[in-house]
Each structure stands twice: as C-alpha cells, then as structure tokens.
1. Please report the relative contact order for the stretch 5-104, taking Cα pairs under 8 Å with a sequence separation of at least 6, and give it as a percent rounded to a whole number.
2. How about the stretch 68-104: which trypsin sites (Lys or Arg not before Pro) there lie in a loop by DSSP and see at most 11 other Cβ atoms within 10 Å?
3. Grab the beta carbon distance between I101 and V24, set R0 = 25 Å, and tell me the FRET efficiency rounded to 0.05.
4. Please list, in chain and number order, the residues 5+ apart from L44 or on another chain whose amide H is under 5 Å from its amide H, with Hs placed from the backbone.
5. Take the cross-link list K27/K50; K27/K71; K50/K71; K30/K50; K27/K102 and give me the ones stretching past 23 Å between alpha-carbons.
6. Would you kindly derive the ³J(HN,Hα) couplings of the stretch 47-58 from the backbone phi angles with the Karplus curve 6.51 cos²θ - 1.76 cosθ + 1.60 (θ = phi - 60°), listing them in order in whole Hz, with x for Gly and Pro?
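Read-outs throughout are calculated quantities, based only on the coordinates presented, and are distinct from any laboratory measurement. All values derive from a computational prediction rather than experimental measurement. For neighbour counting, all protein chains shown are included, and Cβ atoms are generated from backbone atoms with ideal geometry for every residue, glycine included.
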Amino acid sequence: MEIPGFIREHIIKRARRSSGWGKVRKKFVKANPRCACCGRKEGLQVHHIKDFSEHPELELDTNNLIVLCGKTCHLLVGHFRHWKSINPNVREMCQYFIHRIKNRR
C-alpha cells in the first residue's frame with residue numbers, strides 16, 4: 001500500500017525535527033500562555049513565522065515562534081486556511097486582531 005503524498009511529507013518533516021523541539025515548544029507555550037490572536041488559553045500550538053520546512057535553521061529560534069490556538073487562529077491566520085501556505089505577517093495580523101478584541105470590551 002502506498003502512503004499518500006501529504007502524509008508522506010508530514011512524516012518526513014516530523015522525522016527532521018530537532019530533538020530539542022519538544023522542550024522549546026513546551027517552554028515557549030509556558031512563557032506565552034495565550035493565543036497571540038484571540039487570547040484563548042486552550043489548545044495552544046506553536047507556529048513558526050518563517051516556515052520550518054524552508055528555514056530549518058530557525059526551528060528552535062524563539063524569535064521565529066508565536067503561540068496560536070489550534071481551534072482557529074493557527075490555520076486561519078498562520079496559514080491562510082491552507083497548511084502549505086505561510087503568513088509572513090502573522091505577528092502584525094495578530095496584533096491587529098487582539099487590539100480589536102480588547103477594544104470591543
């Protein structure tokens with residue numbers, strides 16, 4: 001049985017992750033316990049601003065990371081609704097959205 005391309009790509013990318021990624025991710029979420037876009041505290045994921053597959057040297061660089069909720073913001077804001085896309089302006093968009101949310105209250 002042949003493995004579909006998108007699954008094969010995911011497995012290959014996961015295999016290339018640094019052994020230190022889990023520790024960096026956990027520490028980064030602990031230091032940034034809210035989604036940078038909506039403020040949620042649940043389902044947080046760490047997003048690479050410059051894509052890991054294109055810039056593997058920045059995988060563990062905390063200046064290249066942002067915390068987004070997996071419920072909506074990671075896919076919508078971090079990837080423009082498509083996992084193969086990357087939003088280079090994710091920080092600016094998150095600042096805009098969080099400012100709008102805070103000013104509505």
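1. Values: 117 pairs, mean separation 26.8, N = 100.
Over the stretch 5-104, the number comes to 27 percent.
2. Values: sites: K71, R81, K84, R91, R100, K102, R104; in loops: K71, R81, K84.
Answer in residue order: R81, K84.
3. Numbers: r = 28 Å, r/R0 = 1.10.
Efficiency for this residue pair is about 0.35.
4. G70
5. Numbers: K27/K50 19 Å; K27/K71 21 Å; K50/K71 21 Å; K30/K50 21 Å; K27/K102 26 Å.
Exceeds cut-off: K27/K102.
6. Calculated HN-Hα couplings, in order: 10, 7, 5, 9, 3, 4, 5, 8, 9, x, 5, 9 Hz.
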